[in-house]
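Chemist: One structure coming up, written as structure tokens, with questions to follow.
The values are calculated or read from the model by the stated rules, or taken from the named source; none is laboratory data. A quick note: this is a predicted structure, and the numbers were derived from the prediction, not measured. Using ideal geometry, Cβ is built from the backbone for each residue, glycine included, and neighbour counts are taken over all protein chains shown.
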Amino acid sequence: MHGWLQKHREKLGAVGFTSLLFAILFSAMFFQLRRPQPAPIVISAVAPPPKPTTAATVTPLPIRVYVSGAVLRPGVYALPWYGRVEDAVAAAGGSAADADLSRVNLALRLRDEQQIYVPGRAEAVTPVLPTAPPLTSSTDMSRTPGQKININTASAAELEALPGVGPVLSQRIIDYRQANGPFGRLEDIKKVKGIGDKTFEDLKDLIATE
């Protein structure tokens, strides 16, 4: 036996070294697998903050109307430009007990410097600048030569009297000022769809904003 060990000593030493190396590698792999893995690093894109809006909001100035007749507090009142006659009567304290509101168009849109007169039941006719009824067509309107049409207060029929303006375009003008407020300059009418430079050249001497 001693002789056999002497003869195979080198082989036994190589086998023992190989076994030891294998045990070390196995232990290292075992501990590597048992060790908790760190959470993956997630890089998220950060959205830039929204840029502040620089466009200023234009708020139309209030208009002033004179309310008189059978109301509780006759006088001059400042009202929003989109107001109606009904709003003007309410601002004057409401109608008096003897008011005849059947002769007043409460749904009529207000305009600057307008006078609203509420008649009494005992009155035969409506005095003091009654509200003119709206024109039914452009042919019904008689305009003084040289008199310009106010595009901020004109009715659809008055606008249709302008060259190149028909029912569709006149309604667009009214819709635009109702949504955006009165026109500040004559050139602002070109913001209405359908009115270009050529149409504006035909209109600029016939229209006004005040």
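Chemist: Take P127 and decide whether it is at pLDDT below 90, over 25 Å from the mean Cα position of the chain (by Cα) and either surrounded by fewer than 19 Cβ atoms within 10 Å (Cβ to Cβ) or closer than 22 Å to I151 by Cβ (or both).
Modeler: Judged against the criteria, P127 is a match.
Chemist: Still on this structure: So in region 183-207, with the set limited to residues that are under 21 Å from R111 (Cβ atoms) and of a type in the set (A, V, I, L, M), which one is farthest from the chain's Cα centre (by Cα)?
Modeler: Only one residue fits best here, namely L206.
Chemist: Moving on. Can you tell me which residue is farthest from the chain's Cα centre (by Cα) among those in region 151-182 that are in contact (Cβ under 8 Å) with a residue 24 or more places away in the chain and more than 26 Å from P62 (Cβ to Cβ)?
Modeler: It comes out as P163.
Chemist: Being of a type in the set (A, V, I, L, M, F, W, C) and in a helix (DSSP H, G or I) is the filter; apply it to region 185-210 and report the residue that is surrounded by the most Cβ atoms within 10 Å (Cβ to Cβ).
Modeler: Among those that are of a type in the set (A, V, I, L, M, F, W, C) and in a helix (DSSP H, G or I), it is L203.
Chemist: In region 78-105, how many residues are surrounded by 14 or more Cβ atoms within 10 Å (Cβ to Cβ), touching a Lys or Arg at 6+ places or on another chain (Cβ under 7 Å) and within 23 Å of Y176 (Cα to Cα)?
Modeler: Residues flagged as surrounded by 14 or more Cβ atoms within 10 Å (Cβ to Cβ), touching a Lys or Arg at 6+ places or on another chain (Cβ under 7 Å) and within 23 Å of Y176 (Cα to Cα) within region 78-105 amount to 1.
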